[in-house]
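Chemist: Have a look at this one.
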Amino acid sequence: MGDGESRPLVAGRLRDGQWHGVDTVAAVLLALAFGASETLGGGWVAGAVAAVVWLPVAVRRRRPVRVLYTVLAGAVLAMAFTGWEESWIPVGVVLYTVAAREPRRRSATALGCSLGAVAVAMALVPRPVPAAGVASGIVFASLMTTLPWLVGTALGEQRSYAELAARQAVTDERLRIARELHDVVAHHLTVITVRAEVARAVASADPQEAGRTLALVGTAGRTALTEMRRMLGVLRSPGDGAERGAAPGLADLPALADGAGPRVELSVDPDPPLPPGVELAVYRIVQEALTNVVRHAGSADCRVNVSRPGPGTVEIEVVNDAPPRLTSWLPPRLPPQLPSRHPGGGHGLVGMRERAAVCGGTLSAGPLATGGFRVHARLPCGSEAAR
């Protein structure tokens, strides 16, 4: 553990079994203390009753509801035989546990039963008590039951919200990793697959073209490995700074366009600079759009425009022409033995929309009347978008 990390409190490091031991020791000590005190003031019967009321607290975490009703019965008997008002203290301790651990309806029922037991106990007080004494006893007993219940309820709700937030954080992180893996793997594997098919088709007719194509395949593979290593490094050492420092951005778009496959006309407005999180979103949206062009439109010409219509907005537009005939994207005099393009059914558009939504933006995509396809995204790039 590093010097900058804070160690949790002792209460945060105890396990369930250790907490049961703490409860047992505390219940025994309190039973002895209250029992001895009542024995000196009211005789051995009062002392025995005081001790018996405290002992069930030892197992309050294992069976909180059963322990509560047991302690309630003991408190009522203590009031009936000895008039011992402190018997409501263990009731409050167990009621706190019930409120913190049990569902709301069961917890509310336990509180109602406790307040009912207060009324019954006050009616069974063995000696005449002035009205003021009865009132003070009811107030004391009610406070000793209601206040711990309120504290336990607040703690239980806080714990529930924390668990819900933790589950949501895990879900969000899984979606983020899924988007990153899809963008990295899908794009580069699509480029590698298409280029490898081209190289296989032209190998016998034009070895030089096949060599250039295989060189692009190697470049795409090395780039994919680099990005996968970056992602693994981020996962092993999570942190915004690590991810942002190594994440691709606008400066990497020319290399992405050169290695995509089809001819890409790229236009990027770099000023003013974008927040790192928005830069990554822009890069990934363009990357996925180019992947779809390679997958569905072959060597159709493509235009990528990243513009800044305003100081707080960035727009991404990726437009490809209609897919050419299958043989048109081969060099002259080469045999048309390329397989058909890959069908759709992936998560590309969903991932792009999710990335835009994470930044607070919107994305639209659809075919054009000319037979091509257009992807358009509009993202806010103010200070709030960098979070």
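Chemist: In nm, to one decimal, how far is the modelled label at residue 146 from the one at residue 32, with both set 7 Å along Cα→Cβ?
Modeler: 3.7
Chemist: I'd like the FRET efficiency for residue 39 and residue 108, computed as 1/(1 + (r/R0)^6) with the beta carbon distance as r and R0 of 45 Å, rounded to 0.05.
Modeler: That pair, residue 39 with residue 108, gives E of 0.75.
Chemist: Determine how large the accessible area of residue 373 is when every protein chain is in place; take a 1.4 Å probe and give Å² rounded to the nearest 10.
Modeler: Using a 1.4 Å probe on the heavy atoms, I get roughly 70 Å².
Chemist: Could you work out what % of the accessible surface of the range 174-228 is carbon and sulfur, using a 1.4 angstrom probe and leaving DNA, RNA and ligands out of the count?
Modeler: 66
Chemist: Same structure, new question: For the range 87-93, take each phi angle, set θ = phi - 60°, evaluate the Karplus expression 6.51 cos²θ - 1.76 cosθ + 1.60, and give the result in whole Hz per residue in order, putting x for glycine and proline.
Modeler: 5, 7, 5, x, 4, x, 4
Chemist: Given a 1.4 Å probe, how much area per residue of the range 73-232 is accessible, in Å²?
Modeler: Accessible area per residue, the range 73-232: 53 Å².
Chemist: Assuming R0 = 25 Å, what is the FRET efficiency of residue 265 and residue 176, from their Cβ-Cβ distance, to the nearest 0.05? Numbers along the way, then the final one.
Modeler: Numbers: r = 31 Å, r/R0 = 1.24.
Using R0 = 25 Å, I get an efficiency of 0.20.
The values are calculated or read from the model by the stated rules, or taken from the named source; none is laboratory data. None of the values given here were measured: they were computed from a predicted structure. Counting neighbours? That spans all protein chains shown, and the Cβs are built from the backbone with ideal geometry, glycine included. Accessible surface areas use protein heavy atoms only, side chains included; no ligands, DNA or RNA. Shrake-Rupley method; radii C 1.70, N 1.55, O 1.52, S 1.80 Å.
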